[in-house]
1. What is the angle, in °, between the Cα long axis of helix 2-14 and the longest principal axis of the Cα atoms in the chain? Nearest 10 is fine, range 0 to 90.
2. Against the longest alpha carbon principal axis of the chain, how many degrees, from 0 to 90 and to the nearest 10, is the axis of helix 76-88 turned?
3. So how far apart, in nm, are the two label points at M57 and L42 if each is 7 Å from Cα heading toward Cβ?
4. Please list M23, M69 from largest to smallest accessible area, probe radius 1.4 Å, with all protein chains kept in place.
5. How much accessible area per residue does region 1-87 have, counting only protein heavy atoms and a probe of 1.4 Å, in square angstrom?
6. Grab the chain and count how many Lys pairs have their alpha-carbon atoms under 23 Å apart, sequence gap of 8 or more, or different chains.
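The values are calculated or read from the model by the stated rules, or taken from the named source; none is laboratory data. Worth saying up front: this structure is predicted, and the values here are computed from it rather than measured. With ideal geometry, Cβ positions are generated from the backbone for all residues, glycine too; neighbour counts draw on all protein chains shown. In case anyone asks, the SASA skips ligands and DNA or RNA and just uses the protein heavy atoms, side chains included. Shrake-Rupley method; radii C 1.70, N 1.55, O 1.52, S 1.80 Å.
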Amino acid sequence: QYQEEIQELNEVARHRPRSTLVMGIQQENRQIRELQQENKELRTSLEEHQSALELIMSKYREQMFRLLMASKKDDPSVITKLKEQHSKV
């Protein structure tokens, strides 16, 4: 079946001028390069957003840790648990 499909495509290609086929391939190559560039830009943007989010979450955790430490000064077991959790993160 694969061979038949290839043969049909070759038959269609033979009826088209070579220059038309070459132009079509060149256009597809341009589109592929544009998509690859866009993909690269999107990947870079995603990495930047992930980095920013990690920084924000780190600051948030640090602030929450300080808040909980301030509110739980009376209970040493809670402080120990918080320190352990904070050191793991």
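1. 60 degrees
2. Compared with the principal axis, the helix lies near 20 degrees.
3. Each label point is offset 7 Å from its Cα along the Cβ direction, giving 2.2 nm.
4. Working: M23 125, M69 45 Å².
Most to least solvent-accessible, the answer reads M23, M69.
5. Each residue of region 1-87 exposes 95 Å² on average to a 1.4 Å probe.
6. The result is 11.
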